[in-house]
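Chemist: This is the structure I want to talk about, given as structure tokens.
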Amino acid sequence: MSLPEFKLLRPRTTAEAIALLAEHSGDIRILAGGTDLLPSMRQKLFEPQCLLDIRRIAELQGIRPQLDGGVEIGALTALTDIEHSDLLRQHFPVLPEAAKTVASPVLRNMGTIGGNICLDTRCLWYNQSLQWRKSCAFCIKKDGDLCHVAPGGTKCWAVFSGDTPAALLCLDAEIEIGSTSGLRRVKLADFYTGLGDDYRKLHPGELLTRVFLPASSANYRGAYRKLRIRGSIDYPLAGVAVVLKRSNGHIEDVRVGLTAVNPAPVLVKGATELLAGRYMTEEWAEAAGVLAAQTAKPLTTSVLTPEYRREMIRVFTKRAVLSLAAET
């Protein structure tokens, strides 16, 4: 499958990139690492007239500590850099744990944190060649009005399959978005819509520029567990991020984030209320796993059954909570 024809634009600054986005609004795609975009273009899922190659914008790269104890991460920072950052591993360990599971080392060298946040939703019926999709009469997400996952439904159930956003949700991260109107800063939790086809609140002409980790989320213990077919490269079919803080042996705070089992990455509501103030036991870890499984809404968007993926959410959550509570 060959790439469609396109014009390549290469800005050197954020301001220049935003100006080009506005000029070509509606017929342009942003190229950062390209690890997801280019294969999708080969499948004719996207056929933009222009690609905006932002890889040369130095100001959007790097991990920078803030005076208040928080951290700023440029949207173009490679996943490899996040994986190996001593600063993040010491104070925000769940994020490097999630980053190191993304694809393969070669792809992590190319892929960026901004690209992983903005990753397109995936579905067994969507991520196929043009010929395959045409033979199935297309779907709601691309060129059709039929949902093969929930026949008769009017909602697209394609799942979000980025690894790092589940960890970022646990860290209460915020993102910065630039446009010709200026900069706006929003909670990452408010960035996603929960719809498979229109899954993010990034308007035409807008560019994700930075990620912010607040000081209040520093020094939580962190773990990430991921289910996939091939352990060396695949997208998650179920993913669980957990951060936990202890005080005098009992749980002070815990947050659980899920990915690949809903149209958006989500936090498990009630996890803190369930476990805060308790000494961790097998029973309480099991209760946390059950709560996480109830939050997961997997459907037949992948080769694994929804029941198995939901069960693995329970298992991963239980294991992660137990392992973090047992750390000295």
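Chemist: Looking at (1) buried (at least 16 other Cβ atoms within 10 Å of the Cβ); (2) in contact with a helix residue (DSSP H, G or I) (Cβ under 8 Å, 6 or more places away or on another chain); (3) assigned by TED's automatic domain parsing to the domain that holds L183, which is the only condition L9 fails?
Modeler: (3)
Chemist: From Q49, Q61, Q90, Q66, which residue is closer than 30 Å to S216 by Cα, free of Cβ contacts under 8 Å to residues at least 60 places away in the same chain and either crowded, with 19+ Cβ neighbours inside 10 Å or touching a strand residue (DSSP E or B) at 6+ places or on another chain (Cβ under 8 Å) (or both)?
Modeler: Q61
Chemist: To continue, here is another question. Give all pairs with beta carbons closer than 9 Å in which a residue from the range 260-277 that is within 20 Å of H250 (Cβ to Cβ) meets a residue that is among the charged types (D, E, K, R) and surrounded by fewer than 24 Cβ atoms within 10 Å (Cβ to Cβ); count only pairs at least 6 apart in sequence or on separate chains.
Modeler: That search, which allows pairs on different chains as well, returns V268/R255; A271/R255; T272/D253; T272/R255; L275/D253; A276/E252; A276/D253; G277/E252.
Chemist: Looking at (1) without any contact (Cβ under 8 Å) to a residue 40 or more places away in the chain; (2) closer than 19 Å to P306 by Cα, which one does L146 not meet, given that it meets all the others?
Modeler: (2)
Chemist: May I pose another question? So, in the range 169-216, how many residues would count as being outside any loop (DSSP other than H, G, I, E, B) and either more than 24 Å from P93 (Cβ to Cβ) or not assigned by TED's automatic domain parsing to the domain that holds L79 (or both)?
Modeler: Total meeting the criteria: 12.
Chemist: Further question: What are the residues in the range 122-142 that are of a type in the set (D, E, K, R) and within 21 Å of S161 (Cβ to Cβ), if any?
Modeler: R122, R133, K141, K142 - these are the residues of the range 122-142 that are of a type in the set (D, E, K, R) and within 21 Å of S161 (Cβ to Cβ).
Chemist: Would you tally the residues in the range 12-32 being assigned to a loop (DSSP other than H, G, I, E, B), surrounded by 13 or more Cβ atoms within 10 Å (Cβ to Cβ) and modelled with pLDDT of 95 or more?
Modeler: 3
Chemist: Something else about it: Can you tell which of R221, R230 is modelled with pLDDT under 95, assigned by TED's automatic domain parsing to the domain that holds L183, surrounded by fewer than 20 Cβ atoms within 10 Å (Cβ to Cβ) and basic (K, R)?
Modeler: The conditions single out R230.
Chemist: While we're on this one: In the range 284-306, which residue that is without any contact (Cβ under 8 Å) to a residue 60 or more places away in the chain and of a type outside the set (A, V, I, L, M) is nearest to D253 (Cα to Cα)?
Modeler: Among those residues, the one meeting the criterion is W284.
Chemist: Any idea which of E307, E273, E252 is surrounded by fewer than 20 Cβ atoms within 10 Å (Cβ to Cβ), touching a strand residue (DSSP E or B) at 6+ places or on another chain (Cβ under 8 Å) and not aliphatic (A, V, I, L, M)?
Modeler: Checking each option against the conditions leaves just E252.
Chemist: To continue, here is another question. Answer yes or no as to whether D53 is over 28 Å from W125 (Cβ atoms), out of contact with any Ser or Thr (no Cβ under 6 Å at 6 or more places or on another chain) and among the acidic types (D, E).
Modeler: Judged against the criteria, D53 is a match.
Chemist: Being at positive phi and among the small types (G, A, S) is the filter; apply it to the range 126-162 and report the residue that is modelled with the highest pLDDT.
Modeler: Once the filter is applied, the top-ranked residue is A137.
Chemist: Then there is this: Output the number of the condition that P105 fails; it satisfies all remaining conditions of (1) surrounded by fewer than 16 Cβ atoms within 10 Å (Cβ to Cβ); (2) closer than 23 Å to P298 by Cα.
Modeler: Unmet condition: (2).
The values are calculated or read from the model by the stated rules, or taken from the named source; none is laboratory data. The structure displayed is predicted, hence computed values, not measured ones. Virtual Cβ from ideal backbone geometry, glycine too; neighbours counted across all protein chains shown.
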